[in-house]
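I have placed the structure first, in the form of structure tokens, so that the comments after it can refer back to it.
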Amino acid sequence: MPHENILGLVQITNPHDIAPELRQELIDCWIAVTNTGGAAGFPFPPVGEDNVAPVADKLLGRLNPQRSRLLIAKTDGILAGWVILNRDPNRLVGHWGTVHRLQTHPNWRGRGIGVALAHKLRKIARDELGLEQLHLAARGGEGLEKFYGRLGWREIGRWPEALRLAPDDTRDEVLMVLTPL
């Protein structure tokens, strides 16, 4: 009988719950995603731990049960992907959240990890945080609009030529919304 990988999704809301091993796995995943061309916040690969660790520490340090959640996907105990959900504490915009850094480790791509993370994040946003909509910004030209579109997201605008990856490679930043949750 073939071995099936069991996917486990775990939500973390407190920076003190990030074990050193998990912190390192998150950093290693981010490095691998970036260095294989993933649009995960570091547009100029290659990157190493000295680039990623300080940004990861800042991101993880902001975890808060009311405002910021980390959702990780593990398969057979190995980190396969992760995503961050933030909510602004300002009442004016407190009804929506922002999705950051959805990524799947290159070794686990094509197995539904990103889809599972996105579906679970939607449920957390709606059921636990009481959010009404989610926002994200994606790098144009990577096929991300189609990925998110299949999950119910719709494009609401673009910042034309906002992202200069190289002198001959300027991309739009695509603004997307998921509503209702």
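The values are calculated or read from the model by the stated rules, or taken from the named source; none is laboratory data. Owing to the predicted nature of the structure, the values given are computational and were not obtained by experimental measurement. Don't worry about glycine lacking a Cβ; one is built from the backbone with ideal geometry, like all the others, and counts go over all protein chains shown. SASA here: full protein model, heavy atoms, side chains in, ligands and nucleic acids out. Shrake-Rupley method; radii C 1.70, N 1.55, O 1.52, S 1.80 Å.
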Please give me the summed charge of the neighbours of Ser68: other residues whose Cβ is under 15 Å from its Cβ, Lys and Arg +1, Asp and Glu -1. +2
Separation of the Asp127 and Asn5 label points, Cα + 7 Å toward Cβ, nm: 2.4
Modelling each spin label as a point 7 Å along the Cα-to-Cβ direction, I'd like the Arg62/Arg150 distance in nm, to one decimal. 2.9
Can you check what the net charge comes to around Ile18, using other residues whose Cβ is under 13 Å from the Cβ of Ile18 (Lys, Arg +1; Asp, Glu -1)? 0
Full-stretch length increase - His95, Ala162 - with 0.36 nm per residue and alpha-carbon distance subtracted: 21.4 nm
Got a sec to turn the phi values of the range 168-174 into Karplus ³J(HN,Hα) couplings, 6.51 cos²θ - 1.76 cosθ + 1.60 with θ = phi - 60°, whole Hz, x for Gly and Pro? 10, 9, 10, 10, 6, 9, 9
D (µm²/s, integer) via Stokes-Einstein for the range 89-168, Kirkwood Rh across alpha-carbon pairs, 10 °C, 1.306 mPa s: value 109
Rolling a 1.4 angstrom probe over the protein heavy atoms, how many square angstrom per residue are accessible across the chain? 54
Placing one equal point scatterer on each C-alpha of the range 54-99 and summing with Debye, one gets log10 I(q)/I(0) at q = 0.16, 0.19, 0.25, 0.30 Å⁻¹ equal to -0.51, -0.67, -0.93, -1.08
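Out of the total accessible area of the chain (probe 1.4 Å, heavy atoms of protein only), what percent is carbon and sulfur?
Taking all protein chains in place, the chain shows 52 percent carbon and sulfur surface.
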With just the Cα atoms of the chain, tell me how far they stretch along each of the three principal axes, in Å, largest first. 46, 40, 38
Alpha-carbon radius of gyration plus Dmax, which is the widest Cα pair, for the range 12-73 in Å: 11.9, 35
In debye to the nearest 20, how big a dipole does the range 96-181 give about its Cα centre with +1 on each Lys and Arg Cβ and -1 on each Asp and Glu Cβ? 420
Once amide H atoms are built 1.01 Å from N in the peptide plane, which residues 5 or more positions from Arg158, or in another chain, come under 5 Å H to H? Leu175
So what is the relative contact order of the chain, in percent, for Cα pairs below 8 Å that sit 6 or more residues apart? 18
Mind checking which aspartates and glutamates have their Cα closer than 18 Å to the Cα of Lys120? Skip sequence neighbours fewer than 8 apart in that chain. Glu128, Glu132
